[in-house]
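For reference, the structure is listed below as structure tokens.
The values are calculated or read from the model by the stated rules, or taken from the named source; none is laboratory data. Computed from a predicted structure; not experimentally measured. Virtual Cβ from ideal backbone geometry, glycine too; neighbours counted across all protein chains shown. For accessibility, only protein heavy atoms count, side chains too; no ligands or nucleic acids. Shrake-Rupley method; radii C 1.70, N 1.55, O 1.52, S 1.80 Å.
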Amino acid sequence: MSDHHIDYNIEYYSKNTYKETATEGIFEFNVSPCNEEGQILVDYKIKQTLSDSVFRQSNLFGFEINRIRSTAKFEEFYFRYQARVQKARIPLPGVPAWNLEKELEELLSDQFFINHHVFLCPSFYTRLPEQQLSLVPVYDKKISPLDYLKTLNDHVHASMKYESNATSVTTKAGDALALSKGVCQDFAHVFIAMARYNGIPARYVSGYLHQGINYVGSSFMHAWVEAYVPGMGWIGFDPTNNILVDEHFIKVSHGADYADCSPIKGVLRTNGDSVMAYDVKVMSQQSQQ
Amino acid sequence: MMKDAPLELPKKAILDNYEMCEGLYDEIFDANQNAREHYKILVEDFGKLKPEDYTKLNDYAKISFFNQGITFAVYSESLKGVERIFPFDLMPRIIAAKEWEHVEKGLIQRNLAINHFLYDIYHDKKILRDKVVPADLVFSSNFYVREMIGINPPGNIYTHICGTDIIRHNDGHYYVLEDNVRCPSGVSYVLSNRETMKKVFSNGFLHHDVRSIDDYPHQLLEMMVSMAPEGVDDPTCVVMSPGMYNSAYYEHSFLAQNMGIQLVEGRDLFVDKNFVYMKTIHGPTKIDVIYRRVDDEFIDPLCFRAGSYLGVPGLMSAYRAGNVTLINAPGTGVADDKAVYIYMPDIIRYYLNEEPILKNVRTYRCELEEDYRFVMENMHNLVVKPVDESGGYGILIGSRASQEELEEFRTLITGNRRKYIAQPIMSLSVHGTFIESESAFEQRHIDLRTFSLMSKDKQFVLKGGLSRVALTRGSLVVNSSQGGGSKDTWVLEE
């Protein structure tokens, strides 16, 4: 572990078991850390028991997807993805790059809306029902969007309680908001819905969170948000923990909402039920020594 | 004057008691009850027939349809899955050469503009930046497909097949009612109607120079072959159907058969390493061009609606990689969103720098405050339509609606203003149609669904199309799903 970067070992593992033999299956895994400023995917390996090869391709937003397709009938399969990632320590965003007037000019322009429409228009998970719009803290445009987003991070964190079983992967922002409960996915959706309603582009990010130097053990994938600040670009917010994104966040992909980032998607032909077990490990170099 | 002396009009013969309503545009007769120039021979031919003869011919026609198995399924609660014979009327609708030339030019112009529009909204979005079409209208369309952003389909063609609906209003002008650029259906009925007419009323073709429509399947296949992904010389093309429970299944099988290509369903195909294959007893065969009659949201459960068994998992990524051509391209539905329709004249001017040849119907966008208020107050004089439906589902004709229905629509519109548009009630032209229960010809409203094909350097418009007839007296709803019938449509040579 150096002063300038941290090395991570990451493992994603999932195992699907089917009560009845499945005849055909195709699965996409969106679990591979991306390369971006301050983050390098050093190497990775995949072990899986479904297909004779793994097909890699870019999705709509340019992130690598691993696709496997069954070549014979199957009752179970597993997929293990292991990666080494190098993460630079980057300073947290302090003050806005532009003055307020310039920020607002860009934020309110028609061109800006057209350029960022994918992250400004409501999406499946982030559309708030009419009656909930009054719950959105209004951006009064007297402070920088950056400062508003920080208060939004506080607000979402304070108004929602973290609870594992209150929601599911199909829960939308409006439902989570009504319950005032949820997991990281719900916190992210609520944040996104509120930022977009105020005209600030926001996108869903999925990835891995290193939860502490000596922390080892089972975990889940994490979800947070990136919002666009004119002059600065995309800034990461984690409303679940009420912090700004730092070198402990290892990004996999972003999209309009969870639907673009779900770690596993699949279509298969089988009659019976299935059981899925899944496990994530994030270890920093130091924690392994 | 004419009305006082019916006996001096032997040319009306079988049409003797043909009643003409004032204020309607009759395709056969002008306001003085004289047959229009291009109908004179037909009126004479029909004049030689006695009503009994006509009934007999009509029966032959029905048998012909039964034998061809030409049916469609109706989607409604009480009639779930019922197969019906498409009602057919023996008296053809005739379009004069000059008039058709005008229509054809107008259709080509419109389709070219739509194709430019689709390329633009999925690339630079110039028309939105120039505020000719509101950006939020496009992005909020249910048919806007993000997966198409930045994708270049072969030849930059999106709308290979357009099924534009046109009507003639009582001012005598043609208006476009809808641009159907997703999966327009009905062409098989056009071809079958002609087959039947040739059998039952062959004399008509001896006396008229009717332009041929027989080469449509050939033109369709030629277009598909020309749209193959780059580097594929001898492409394998298929028709992909949602299956036998779809209302247009007959048409899917008809087209595949007439083009001599395979009819497949989603489960017959699979995607491996971004190429599409068809399962055959000889092993997988690579597929290059798919004429898919499956709606966007069902074509790929990995990309769009999860849990759909109609599609092929991975199809969209194979498409995005340029390894297979989909006909039509995904995401074309933005252009036939009925709220985007409003801007079609501007879209034509913007891309082609020409004045629109075919007229647009004045349309009110309920999302706009002023239009919304107008619609709320004048609904009884308007047609209200959802922007994203087809087949005549979910529309309200204000003048025929009860107070409860009007109130129900006011609530619907207020709850989702983006979803509804309204138009003045257009007076569709009428055409003499044989009404069995009366054993006589009566005026019935008609429209025309046209069929155009577009490839890189070629525009093809089927001569004529499907003239749809509202069989109920006074009804303006011509959709087959709503109990409409059809007529053979003759475009005459110069």
Measure out, as a whole number of angstrom, how far apart the alpha-carbon centroids of region B:332-397 and region B:241-293 sit.
35
Have a look at the DSSP beta bridges in region A:100-261 and tell me what percent are antiparallel, nearest 5.
90
B:HIS102: accessible area at probe 1.4 Å, nearest 10 Å²?
80
For A:TYR13, the accessible surface traced by a 1.4 Å probe with all protein chains present amounts, in square angstrom to the nearest 10, to 50
What list of ³J(HN,Hα) values in whole Hz, one per residue of region B:305-322 in order, does the Karplus curve 6.51 cos²θ - 1.76 cosθ + 1.60 (θ = phi - 60°) give from phi, with Gly and Pro shown as x?
6, 5, x, 7, 9, 7, x, 10, x, x, 4, 5, 6, 5, 5, 5, 7, x
Which of the residues in region A:115-155 show a loss of at least 40 Å² in accessible area from their chain by itself to the complete set of protein chains, at a probe of 1.4 Å?
A:HIS117
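If the only charges are +1 at each Lys and Arg Cβ and -1 at each Asp and Glu Cβ, what is the size of the charge dipole of the protein assembly as shown around the Cα centre, to the nearest 20 debye?
Values: 80 positive and 103 negative charges, 257 e Å.
I would put it at about 1240 debye.
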Go ahead and run the numbers for FRET between B:ALA96 and B:HIS169, Cβ-Cβ distance against an R0 of 22 Å, rounding to 0.05.
0.80
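Where does the charge balance sit around B:ASN170 when Lys and Arg score +1, Asp and Glu -1, over other residues with C-beta under 11 Å from its C-beta? Don't jump to the answer; show the numbers that get you there.
Numbers: positive: B:ARG168; negative: B:GLU22, B:ASP26, B:ASP171.
With Lys, Arg at +1 and Asp, Glu at -1, the net is -2.
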What's the magnitude of the charge dipole for region B:362-424 around its Cα centre, counting Lys and Arg as +1 and Asp and Glu as -1 at the beta-carbon? Answer in Debye, nearest 20.
180
CD proxy, 222 nm, chain B: helix-only mean residue ellipticity via -39,500 (n - 2.57) per DSSP H run with n ≥ 4, per residue, nearest 500, stands at -8500 deg cm²/dmol
Under a Cβ-only charge scheme (Lys and Arg +1, Asp and Glu -1), can you give me the dipole magnitude of region A:100-261 about the Cα centre, in debye to the nearest 20?
280
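Over the residues of chain B, compute the C-alpha Rg and express it relative to 2.2 N^0.38 Å.
Its radius of gyration relative to the 2.2 N^0.38 Å reference: 1.00.
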Rounded to whole Hz and in sequence order, give me ³J(HN,Hα) for region B:41-47 from the Karplus expression 6.51 cos²θ - 1.76 cosθ + 1.60, θ = phi - 60°, writing x for Gly and Pro.
5, 5, 4, 5, 4, 5, x
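Which length gain, in nm to one decimal place, applies between B:GLU19 and B:ARG305 when the Cα-Cα distance is subtracted from 0.36 nm times their residue separation?
Length gained, B:GLU19 through B:ARG305: 97.8 nm.
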Local electrostatic count at A:LYS181 - Lys and Arg +1, Asp and Glu -1, tallied over other residues with Cβ under 9 Å:
-1
Any lysines with Cα under 22 Å of the B:LYS385 Cα? List them, leaving off those in the same chain fewer than 8 positions away.
B:LYS338, B:LYS359, B:LYS419
Counting lysine pairs in region A:100-261 that sit 8 or more positions apart or on different chains, with Cα atoms under 25 Å apart, gives 15
Ranked order, A:THR270, B:THR159 - accessible area, probe 1.4 Å, largest first:
A:THR270, B:THR159
Furthest towards positive pole of dipole, A:VAL138, A:THR170, A:ASN198, structure part region A:100-261, Cβ charges
A:THR170
Counting Lys and Arg as +1 and Asp and Glu as -1, what is the net charge of the other residues whose Cβ lies under 13 Å from the Cβ of B:GLU222?
0
May I ask what percent, to the nearest 5, of DSSP beta bridges between residues of the protein assembly as shown are antiparallel?
85
Residue-wise HN-Hα coupling along region A:194-201, computed from phi with Karplus coefficients 6.51, -1.76, 1.60 (Hz; x: Gly, Pro)
6, 5, 5, 4, 8, x, 9, x
Estimated FRET transfer efficiency (B:GLU405, B:GLU354; beta-carbon r; R0 41 Å; 0.05):
0.50
At a Cα cut-off below 22 Å, give the lysines reachable from B:LYS458, other chains included and same-chain residues fewer than 8 away excluded.
B:LYS98, B:LYS105
For a quick check: with amide H placed at 1.01 Å from N, whose amide H comes under 5 Å from A:ILE264's, ignoring anything fewer than 5 positions away on the same chain?
A:ASN30
Would you calculate the separation in nanometres between label points at B:GLU438 and B:LYS273, each defined as 7 Å from the Cα along the Cα-to-beta-carbon direction?
6.7
Starting from the Cα of B:GLU37, step 7 Å along the direction of its Cβ; do the same at A:ASN165; then give the gap between the two resulting points in nm.
8.3
When only DSSP loop residues count, what trypsin sites (Lys or Arg not before Pro) in region B:278-379 have their Cβ near at most 14 other Cβ atoms within 10 Å?
B:LYS279, B:ARG305, B:ARG362
How large is the accessible surface of B:MET20 in square angstrom, using a 1.4 angstrom probe and rounding to the nearest 10?
50
Estimated [θ] at 222 nm from DSSP helical runs (n ≥ 4, -39500 (n - 2.57)) normalised by residues in chain A, nearest 500
-5500 deg cm²/dmol
Modelled FRET efficiency - R0 56 Å, A:TYR278 with B:PHE205, Cβ distances, 0.05 increments:
0.20
Between A:ASP147 and B:PHE66, what is the spin-label point distance in nm, taking each point 7 Å from the Cα along the Cα→C-beta axis?
8.3
